[in-house]
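Every read-out reported here was derived from the displayed coordinates using simple, explicitly stated rules and does not represent laboratory data. Because the structure is a prediction, the values reported are computed rather than measured. Counting neighbours? That spans all protein chains shown, and the Cβs are built from the backbone with ideal geometry, glycine included.
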There are 2 protein chains.
Amino acid sequence: MASFIEAIQERTQRIQSVLCVGLDTSLAKTPDVLQSDANPQLAWNRAIIDATHDLACCYKPNLAFYLIYGSEGLETLKETIRYAHSYNVPVILDAKFGDIGHTALHYARSAFEALEADSVTLNPYMGEESIAPFRKYSDRCSFILCLTSNVSRLDFQTLNTPNDDLMEKPLFHRVAEKIGEWNTNRNLAAVVGATAPEELSQVREFLGDEMPILCPGVGAQGGDLEEVLWAGHAGPGTLLINVSRTIINASADPDFAEASRREATMFVNQIRTFLTQYQEGV
Amino acid sequence: MASFIEAIQERTQRIQSVLCVGLDTSLAKTPDVLQSDANPQLAWNRAIIDATHDLACCYKPNLAFYLIYGSEGLETLKETIRYAHSYNVPVILDAKFGDIGHTALHYARSAFEALEADSVTLNPYMGEESIAPFRKYSDRCSFILCLTSNVSRLDFQTLNTPNDDLMEKPLFHRVAEKIGEWNTNRNLAAVVGATAPEELSQVREFLGDEMPILCPGVGAQGGDLEEVLWAGHAGPGTLLINVSRTIINASADPDFAEASRREATMFVNQIRTFLTQYQEGV
């Protein structure tokens, strides 16, 4: 079976899309027609996947939106991942795990074995020990937070950190450097928010043209899709653009799935315009 | 009902213990006599709680050790928290959540409502937005990672960060300052590892004498209990010393619970000697 990175390279080329659809389905916003379903969240996810599987390079459910419903939520998460796999679409579990040693190993097994996710998001604050157990899964991929899309990223991620090398560098540059160093199994990747395209270019330069970057913050959070594509894309499978709410909450009416597909199509059309220009070297 | 911080203040004084027992029960190490139980992990946790509830100021299950068993694991976690509550012992859910906005809100509801934990651990990398939804639960408490006990804390947490204030400060000092700033509801706390007692003293000075500090790293990780108590304790409920494996994995024999109690008693005896000296102002 192909690794996650190979799978998204292949899909980017075949379906001409780098769209990652975030499955952050909150029951408070469930479309009305699904309210009476035995498992509205699973029915909703399946409907979104049915409507977008040919447009989505991958799906990204966020653990929080399932953990909140306890054991039932975890079953829904597992079934959702399986359902995406039934269309051969890879899945990133967005959990931002950040722990060490035995605990990190248990998280890695939770994500990659119990839940069967292809990829996971991780938090770098505790350093390499929080990455190592995930890195051992050679066919999976770990996206490490570098520069996030939210306003309070400025609290720490952009602090200047001149150290032994006397270089004036924001913290997220140091994180990007470490991601590069740690990438001994060529299965690490980075998260850089769409709200800072210039910084995305910088991280792309640090990390070279092979490493995937997951880019949240387009859509509801205000990042500009075209700008981000030019800043971060470096060939097939190197940039994934996540959109969650704009797609999944496009409508709560009976035609919610069509509305989600319309939104996804708008993003993918922009992506395809870019990919054509990029491939032509414009 | 008392808030988490009031509860640990009261318990510290009443039972003369600041021991936090980490319930990181991995099925691979389940005592033999429990192997045939319908739910060995829950039976194990209950036995540990039965054997240590009068010695433990609080319990701290780590999410990873339950998530790995999927929906059944989450039920075990919930029942474990309930069982600790049946002895009126407060519980810290160690999850190191670090996400923003709606997602952080869903994690806060997962921890405090779905799982009924009294307290939670959080990761500061994404800044104040990842703390805000938790802070709104005024009777709960959020322990924010500041300086952790593992070796690769040195990757980022101790980087020098001279910024607009031109002060030479390691990143974890900036995190400690922000924890102080963010503590508008007086329900935030910090995590500082036992492996760096000098830095623990520094953080205690930054944060003043009221804020609780959770201190992992005594026992298996090599932190010195007495040194850490002198460095971080500032009165009832201000320092919690976590010990996990040394207590829960004390033995896999039929008398495992007694063995756990013996280990916990050794730590608590040291703590009581310290508390007596501290109260006498020695």
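Listing for the model above:
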| quantity | calculated |
| --- | --- |
| Neighbour-count ranking [beta-carbon atoms within 10 angstrom, fewest first] of A:LEU122, A:LEU275 | A:LEU275, A:LEU122 |
| Inter-part distance where the stretch B:38-68 and the stretch B:175-202 are each reduced to a Cα centre, Å | 26 |
| Lysine pairs with alpha-carbon atoms under 25 Å apart, the stretch A:4-279, spacing 8 or more or separate chains | 14 |
| Computed log₁₀ I(q)/I(0) - Debye formula, equal Cα scatterers, no solvent, the stretch A:88-244, q 0.15 Å⁻¹ | -0.77 |
| Per-residue ³J(HN,Hα) for the stretch A:71-86, Karplus 6.51 cos²θ - 1.76 cosθ + 1.60, θ = phi - 60°, Hz, x for Gly and Pro | 4, 5, x, 5, 5, 4, 4, 4, 5, 5, 4, 4, 5, 4, 5, 5 |
| Residue and distance (whole Å) for the chain A Cβ nearest the axis that superposes A on B | A:SER71, 2 |
| Spin-label pair A:ALA220/B:ASP139, simplified geometry with 7 Å Cα→Cβ offset, distance in nm | 3.0 |
| Rg and Dmax [Cα atoms of the stretch B:1-70; Å; Rg one decimal, Dmax integer] | 14.2, 40 |
| Label distances, nm, B:LEU166 versus same residue in remaining copies, Cβ-directed 7 Å point | 1.9 |
| Fraction of antiparallel bridges per DSSP, the protein assembly as shown only, in percent to nearest 5 | 5 |
| Within 10 Å of each Cβ in A:55-66, the average number of Cβ atoms from other chains | 3 |
| Cβ-based exposure ranking for A:ARG109, A:ARG262, in which fewest neighbours within 10 Å come first | A:ARG262, A:ARG109 |
| Per-residue average of Cβ from other chains inside 10 Å of B:121-133 | 6 |
| Share of alpha-carbon pairs per 20 Å distance bin for the protein assembly as shown, given as whole % | 22, 54, 23, 1 |
| Peptide A:264-273, shielding by other chains (average Cβ, 10 Å cutoff) | 0 |
| Other copies of B:ARG14: label-to-label distances in nm, shortest first, labels 7 Å along the beta-carbon direction | 6.2 |
| C-alpha long axis of helix B:197-207 to longest principal axis of chain B, angle in ° | 60 |
| Residue order, fewest to most beta carbons within 10 Å, for A:PHE172, B:PHE267 | B:PHE267, A:PHE172 |
| Convex hull volume per residue in cubic angstrom - Cα atoms of chain A | 123 |
